[in-house]
Amino acid sequence: MVRRVSRYRIRLAAHAEDDLEGIGEYIEGQDSAERALYVTRSIRRVIETLSELPNRGSIVREAAELGEQAFQEVHFKPYRIIYEVVGDAVVVHLISDGRRDMQALLTQRILRG
(Lines give C-alpha, C1' and ligand atoms only; values in the text may rest on other atoms or scores of the structure.)
Protein backbone atom coordinates (compact mmCIF):
# COMPACT_ATOMS: atom_id res chain seq x y z
CA MET A 1 0.00 0.00 0.00
CA VAL A 2 1.35 3.42 -0.96
CA ARG A 3 0.78 6.10 1.63
CA ARG A 4 0.09 9.52 0.23
CA VAL A 5 1.90 12.35 1.96
CA SER A 6 -0.29 15.41 2.30
CA ARG A 7 1.44 18.62 1.33
CA TYR A 8 0.92 21.92 3.02
CA ARG A 9 0.58 25.11 1.03
CA ILE A 10 3.38 27.62 1.57
CA ARG A 11 2.50 31.29 1.90
CA LEU A 12 4.95 34.10 2.53
CA ALA A 13 3.45 37.10 4.28
CA ALA A 14 4.21 40.41 2.54
CA HIS A 15 6.79 41.30 5.21
CA ALA A 16 8.57 37.98 4.69
CA GLU A 17 8.78 38.61 0.92
CA ASP A 18 10.24 42.03 1.75
CA ASP A 19 12.70 40.40 4.15
CA LEU A 20 13.93 38.02 1.47
CA GLU A 21 14.27 40.80 -1.08
CA GLY A 22 16.17 42.94 1.44
CA ILE A 23 18.53 40.09 2.26
CA GLY A 24 19.29 39.64 -1.43
CA GLU A 25 19.89 43.36 -1.95
CA TYR A 26 22.14 43.58 1.09
CA ILE A 27 24.26 40.60 0.05
CA GLU A 28 24.51 41.86 -3.52
CA GLY A 29 25.76 45.22 -2.24
CA GLN A 30 28.25 43.65 0.19
CA ASP A 31 29.39 40.67 -1.89
CA SER A 32 28.00 39.77 -5.30
CA ALA A 33 24.83 39.09 -7.26
CA GLU A 34 25.80 35.41 -7.47
CA ARG A 35 26.11 35.12 -3.69
CA ALA A 36 22.81 36.96 -3.19
CA LEU A 37 21.06 34.58 -5.58
CA TYR A 38 22.61 31.55 -3.85
CA VAL A 39 21.44 32.68 -0.40
CA THR A 40 17.90 33.69 -1.43
CA ARG A 41 17.41 30.48 -3.42
CA SER A 42 18.70 28.43 -0.49
CA ILE A 43 16.30 30.15 1.90
CA ARG A 44 13.42 29.47 -0.52
CA ARG A 45 14.44 25.79 -0.70
CA VAL A 46 14.36 25.52 3.10
CA ILE A 47 10.92 27.13 3.11
CA GLU A 48 9.64 24.73 0.44
CA THR A 49 10.66 21.72 2.55
CA LEU A 50 8.08 22.85 5.09
CA SER A 51 5.35 21.73 2.68
CA GLU A 52 6.03 18.12 3.66
CA LEU A 53 7.29 18.44 7.24
CA PRO A 54 5.84 21.66 8.62
CA ASN A 55 6.19 20.76 12.28
CA ARG A 56 9.86 19.92 12.16
CA GLY A 57 10.88 23.40 13.29
CA SER A 58 11.57 24.35 16.85
CA ILE A 59 9.41 26.69 18.91
CA VAL A 60 10.65 30.28 18.70
CA ARG A 61 12.14 30.89 22.15
CA GLU A 62 11.53 34.64 22.13
CA ALA A 63 7.85 34.14 21.26
CA ALA A 64 7.47 31.42 23.90
CA GLU A 65 8.87 33.81 26.50
CA LEU A 66 5.99 36.13 25.58
CA GLY A 67 3.47 33.30 25.99
CA GLU A 68 3.09 32.46 22.28
CA GLN A 69 3.74 28.82 21.34
CA ALA A 70 2.40 28.77 17.75
CA PHE A 71 5.51 30.09 16.02
CA GLN A 72 8.23 27.75 14.83
CA GLU A 73 11.53 28.32 13.11
CA VAL A 74 13.95 26.68 10.73
CA HIS A 75 17.32 28.03 9.67
CA PHE A 76 19.61 28.73 6.80
CA LYS A 77 22.40 30.07 8.96
CA PRO A 78 22.59 32.80 10.00
CA TYR A 79 18.99 33.40 8.87
CA ARG A 80 15.98 32.41 10.94
CA ILE A 81 12.73 31.62 9.14
CA ILE A 82 9.77 32.19 11.48
CA TYR A 83 6.45 30.58 10.55
CA GLU A 84 3.26 29.05 11.83
CA VAL A 85 1.10 26.21 10.62
CA VAL A 86 -2.46 27.38 9.97
CA GLY A 87 -4.79 24.61 8.82
CA ASP A 88 -3.26 23.14 5.68
CA ALA A 89 -0.87 26.05 5.15
CA VAL A 90 2.52 27.15 6.38
CA VAL A 91 2.63 30.93 6.75
CA VAL A 92 6.12 32.42 6.82
CA HIS A 93 6.05 35.65 8.81
CA LEU A 94 9.66 36.67 9.18
CA ILE A 95 13.06 35.95 7.66
CA SER A 96 15.88 37.62 9.51
CA ASP A 97 19.54 37.44 10.39
CA GLY A 98 19.59 35.59 13.70
CA ARG A 99 21.92 38.21 15.20
CA ARG A 100 19.16 40.83 15.18
CA ASP A 101 16.95 41.55 18.19
CA MET A 102 14.38 38.85 17.49
CA GLN A 103 12.11 39.70 20.41
CA ALA A 104 11.74 43.28 19.13
CA LEU A 105 11.12 42.07 15.57
CA LEU A 106 8.52 39.53 16.69
CA THR A 107 6.73 42.09 18.83
CA GLN A 108 6.73 44.63 16.02
CA ARG A 109 5.67 42.22 13.28
CA ILE A 110 3.48 39.43 14.60
CA LEU A 111 2.87 39.63 18.33
CA ARG A 112 1.25 43.04 18.40
CA GLY A 113 -1.95 41.47 19.61
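The values are calculated or read from the model by the stated rules, or taken from the named source; none is laboratory data. Small disclaimer: the values here were computed from a predicted structure and weren't measured. As a convention, Cβ positions derive from the backbone with ideal geometry for all residues, glycine included, and neighbour counts pool all protein chains shown.
Here's the yes/no breakdown for (1) surrounded by fewer than 15 Cβ atoms within 10 Å (Cβ to Cβ); (2) over 10 Å from the mean Cα position of the chain (by Cα); (3) among the β-branched types (Val, Ile, Thr):
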residue: Ile27; (1), (2), (3): no, yes, yes
residue: Arg41; (1), (2), (3): yes, yes, no
residue: Thr49; (1), (2), (3): yes, yes, yes
residue: Asn55; (1), (2), (3): yes, yes, no
residue: Ala64; (1), (2), (3): yes, yes, no
residue: Tyr83; (1), (2), (3): no, no, no
residue: Ile95; (1), (2), (3): no, no, yes
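When Phe71 is tested against (1) in contact with a strand residue (DSSP E or B) (Cβ under 6 Å, 6 or more places away or on another chain); (2) closer than 17 Å to Glu17 by Cβ, exactly one condition is not met: (2). Of the residues making up the range 77-113, those that are in a helix (DSSP H, G or I), in contact (Cβ under 8 Å) with a residue 40 or more places away in the chain and over 14 Å from Leu12 (Cα atoms) are Met102, Gln103, Leu106, Thr107. All of (1) modelled with pLDDT of 95 or more; (2) among the charged types (D, E, K, R); (3) in contact with a Ser or Thr (Cβ under 6 Å, 6 or more places away or on another chain) hold for Arg7 with one exception: (1). Taken over the range 18-76, the residue count meeting the criterion of being at pLDDT 95 or above, under 19 Å from Asp101 (Cα atoms) and part of a helix (DSSP H, G or I) is 6.
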